[in-house]
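Contents: one structure, followed by commentary.
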Amino acid sequence: MKNRPIRHRIEYGLYLALKGLLRALPHESARELGRKVGALGHALDRRHREVALRNLELALPEILPEERKRLVKKCYRHFGAALGDTISSTRFDPMEMCRRFTLEGWENVDLADRAGKGFFVLSPHIGFWEMVAPLVGLYKGRFHIVVRPPDNPYLNKEVLALRTRFGNQVIPKRGAARRMLEVLREKGIIGILIDQRVQPQEGMEIPFFGRPALTSPVLARLSLRTGAPVLPVALYPEPQGRYRFVAHPPIFPPKGAKGDEATVDLTRQYLEVAEQDIRRHPEQWLWMHRRWEARK
């Protein structure tokens, strides 16, 4: 589109203004400002608000309509807080970053690491997932994050700087498999998210909240090929600008297993853990994404 460069510059200017304001506030206040930004987004963003309500109706039909509306409002406020907090946290040095975390299940991180094949860190879009990389990277070494770069090139520079703090690296999602294999051969750590819908030609239908959901099989295929375990994690906000990191038991690929049946079974296990986390904290998951959109 002809006006896209102009829009990108406007978006970038708004981001820089927000970043400056957040960094000027105490960290706890930055999170609260983010909540207010999220509440504004809820009021203005009718299209994604309706997507979230529909998703909740599909995934959690036992919730009454009025409660769904309250949950969607909490969800917007949460993601506003996640934005504000993540930007504000760039003020932390490594020692201060680590000091703010409560760690649960860290023995599972060590178990995945001891396998000696490298490992994947898998999180759904829940809680403050962007904070997983700096934490695990500081304790376990360079963390490689598989991401789709933002369309806005100016914002991409900002997001890249945020994600590569403390020596971490980014792997662009397109054509990522080859680089991921290289990292695993070096016994490295790869962070990936697979809870969003993919194109029909890229995905397999795997049950998620009891409904078929197009999901990328790449993670399971690479785990089967390399023997690298998958470590499901989640990271949640705590009061006073703190965080709680939760590591679940790693999922190891069965020895000798291969083919579509093994791929489907492993991917189903990944989504089951994600679903359990989402059911515990439904207000912290990205319901605004068309996860169960039908095939075209």
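The values are calculated or read from the model by the stated rules, or taken from the named source; none is laboratory data. Small disclaimer: the values here were computed from a predicted structure and weren't measured. Here the Cβ positions follow ideal geometry from the backbone for every residue, glycine too, while neighbour counts run over all protein chains shown.
Some notes on this structure:
- Within segment 245-265, tally of residues that are within 14 Å of residue 226 (Cα to Cα) and either of a type in the set (Asp, Glu) or buried (at least 19 other Cβ atoms within 10 Å of the Cβ) (or both): 3
- Set 207, 217, 229, 237: member being touching a Phe, Trp or Tyr at 6+ places or on another chain (Cβ under 8 Å), at pLDDT 95 or above and over 25 Å from residue 159 (Cα atoms): 229
- Segment 266-296 - residue that is among the polar types (S, T, N, Q) and either crowded, with 21+ Cβ neighbours inside 10 Å or touching a residue at least 24 places away in the same chain (Cβ under 8 Å) (or both) and, of those, farthest from residue 82 (Cα to Cα): 267
- Conditions (1) in contact (Cβ under 8 Å) with a residue 60 or more places away in the chain; (2) closer than 27 Å to residue 109 by Cβ: number failed by residue 200: (2)
- Note on segment 34-46: residues that are under 22 Å from the mean Cα position of the chain (by Cα) and assigned to a helix (DSSP H, G or I) total 8.
- Within segment 189-227, the residues that satisfy the criterion of being of a type in the set (Gly, Ala, Ser) and crowded, with 20+ Cβ neighbours inside 10 Å are 191, 213, 216, 220, 223.
- Close pairs from segment 143-159: first among the charged types (D, E, K, R), partner part of a strand (DSSP E or B), Cβ under 8 Å, at least 6 apart: 148/172
- Number of the exception - residue 20 against (1) closer than 28 Å to residue 149 by Cβ; (2) at pLDDT 95 or above; (3) out of contact with any helix residue (DSSP H, G or I) (no Cβ under 8 Å at 6 or more places or on another chain): (2)
- Within segment 54-75, the set of residues being assigned to a helix (DSSP H, G or I), touching a residue at least 60 places away in the same chain (Cβ under 8 Å) and either surrounded by fewer than 17 Cβ atoms within 10 Å (Cβ to Cβ) or not aliphatic (A, V, I, L, M) (or both) comprises 55, 58, 74, 75.
- Qualifying residue in segment 257-266 (condition: basic (Lys, Arg), under 18 Å from residue 217 (Cβ atoms) and outside any helix (DSSP H, G or I)): yes
- Cβ-Cβ under 6 Å pairs, at least 6 apart or on other chains, segment 10-35 side over 23 Å from residue 73 (Cα atoms), far side surrounded by fewer than 14 Cβ atoms within 10 Å (Cβ to Cβ) and polar (S, T, N, Q): none
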